[in-house]
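Trainee: Okay, handing you the structure first.
The values are calculated or read from the model by the stated rules, or taken from the named source; none is laboratory data. Because the structure is a prediction, the values reported are computed rather than measured. Heads up, the Cβs are rebuilt from the backbone with ideal geometry, glycines too, and the neighbour counts pull from every protein chain shown.
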């Protein structure tokens, strides 16, 4: 079964593609379509933006579509500097991965040598039968001002995210350590949500 994943983020695709293929679901991405819609992501949270993307691409393709978005909240910085739903867009500019690392490390330097942060994720499945929504979070980690050497294309802030339990960068954790840090809100739960709801009855 082919399903459109309404994203151009390679990290999001890598995270779920293989596991879904093993369950009989082939992910098609925006890059595979040959066109990209100009969508105003005006939602107040990650789930609303995920819905906006999923609906827009379903309307354009009539393929079952997955939309996904994430919000970032950082303690100890002014409200006007909170990324929220605009993690990659700063002052009206869409940042590259390297620009994001530079911007957020400078933010950390400005307000402390490490800042407590929280990711909130939203996912929406949209097809002709309706929608299904799922939300989860990753909290209690630090953003620091010195990046590790490793990079995760599409998720550049992984390079400056440190887990307080073991004081290690997220990208330097073992798979076992990552599972422990994710708790119940790990990749497997997202995969189950997709598999169980992609054919909405």
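Trainee: Any residue that is assigned to a strand (DSSP E or B), touching a residue at least 24 places away in the same chain (Cβ under 8 Å) and farther than 30 Å from residue 198 by Cα - is there at least one of those in the stretch 84-105? Give the steps one after another, and end with the answer.
Mentor: Restricting attention to the stretch 84-105, the residues satisfying the condition of being assigned to a strand (DSSP E or B) are 84, 89-90, 93-94.
Okay, now just the ones that are also touching a residue at least 24 places away in the same chain (Cβ under 8 Å), so none.
No, there is no match, as no residue in the stretch 84-105 is assigned to a strand (DSSP E or B), touching a residue at least 24 places away in the same chain (Cβ under 8 Å) and farther than 30 Å from residue 198 by Cα.
Trainee: Kindly indicate whether residue 151 is surrounded by 14 or more Cβ atoms within 10 Å (Cβ to Cβ) and modelled with pLDDT under 90. Walk me through it before giving the result.
Mentor: Values: surrounded by 14 or more Cβ atoms within 10 Å (Cβ to Cβ): yes; modelled with pLDDT under 90: no.
No; evaluated as a whole, the condition is false for this residue.
Trainee: May I ask you to say which residue of 20, 27 is part of a strand (DSSP E or B) and either within 16 Å of the chain's Cα centre (by Cα) or crowded, with 19+ Cβ neighbours inside 10 Å (or both)?
Mentor: Only one candidate passes the filter, namely 27.
Trainee: What is the number of the single condition among (1) surrounded by fewer than 17 Cβ atoms within 10 Å (Cβ to Cβ); (2) modelled with pLDDT under 95; (3) farther than 30 Å from residue 24 by Cα that residue 146 does not meet?
Mentor: Evaluating residue 146 over (1) surrounded by fewer than 17 Cβ atoms within 10 Å (Cβ to Cβ); (2) modelled with pLDDT under 95; (3) farther than 30 Å from residue 24 by Cα leaves (2) as the failure.
Trainee: Next up: Hey, any hits in the stretch 121-140 for a residue that's in contact with a strand residue (DSSP E or B) (Cβ under 6 Å, 6 or more places away or on another chain) and without any contact (Cβ under 8 Å) to a residue 40 or more places away in the chain?
Mentor: yes
Trainee: Can you pull out every residue in the stretch 1-17 that is touching a residue at least 40 places away in the same chain (Cβ under 8 Å), farther than 12 Å from residue 61 by Cβ and assigned to a loop (DSSP other than H, G, I, E, B)?
Mentor: Within the stretch 1-17, 1, 7, 9 qualify.
Trainee: Another question, then. Please verify whether residue 50 is within 16 Å of residue 197 (Cα to Cα) and in contact with a strand residue (DSSP E or B) (Cβ under 7 Å, 6 or more places away or on another chain), treating the condition exactly as stated.
Mentor: Details: within 16 Å of residue 197 (Cα to Cα): yes; in contact with a strand residue (DSSP E or B) (Cβ under 7 Å, 6 or more places away or on another chain): yes.
Yes.
Trainee: Is it the case that some residue within the stretch 37-47 is crowded, with 20+ Cβ neighbours inside 10 Å, part of a helix (DSSP H, G or I), at negative phi and in contact (Cβ under 8 Å) with a residue 24 or more places away in the chain? Don't jump to the end; show me each part of the working.
Mentor: Within the stretch 37-47, the first condition is being crowded, with 20+ Cβ neighbours inside 10 Å, and the residues that meet it are 46-47.
Going one step further and asking which of them are part of a helix (DSSP H, G or I), we end up with 46-47.
Pick out the ones that are also at negative phi and you get 46-47.
If we keep only those that are in contact (Cβ under 8 Å) with a residue 24 or more places away in the chain too, we end up with 46-47.
Yes, some residue in the stretch 37-47 is crowded, with 20+ Cβ neighbours inside 10 Å, part of a helix (DSSP H, G or I), at negative phi and in contact (Cβ under 8 Å) with a residue 24 or more places away in the chain.
Trainee: Exactly one condition in (1) under 26 Å from residue 198 (Cβ atoms); (2) in contact (Cβ under 8 Å) with a residue 12 or more places away in the chain is false for residue 75; which is it?
Mentor: Going through the list (1) under 26 Å from residue 198 (Cβ atoms); (2) in contact (Cβ under 8 Å) with a residue 12 or more places away in the chain, residue 75 breaks only (1).
Trainee: Of the residues that sit in the stretch 106-121 and are under 17 Å from the mean Cα position of the chain (by Cα) and buried (at least 16 other Cβ atoms within 10 Å of the Cβ), which one is farthest from residue 197 (Cα to Cα)? Outline the logic, then answer.
Mentor: Narrowing the stretch 106-121 to residues under 17 Å from the mean Cα position of the chain (by Cα): 117-121.
Still in the running and buried (at least 16 other Cβ atoms within 10 Å of the Cβ): 117, 119-121.
Working: 117: 30, 119: 24, 120: 21, 121: 17 Å.
Selected residue: 117.
Trainee: Right, something else. Quick check on this structure: which one of 162, 108 is modelled with pLDDT of 95 or more and closer than 19 Å to residue 90 by Cβ? Explain how you work it out, then say what you get.
Mentor: Values: 162 fails: closer than 19 Å to residue 90 by Cβ.
Among 162, 108, only 108 is modelled with pLDDT of 95 or more and closer than 19 Å to residue 90 by Cβ.
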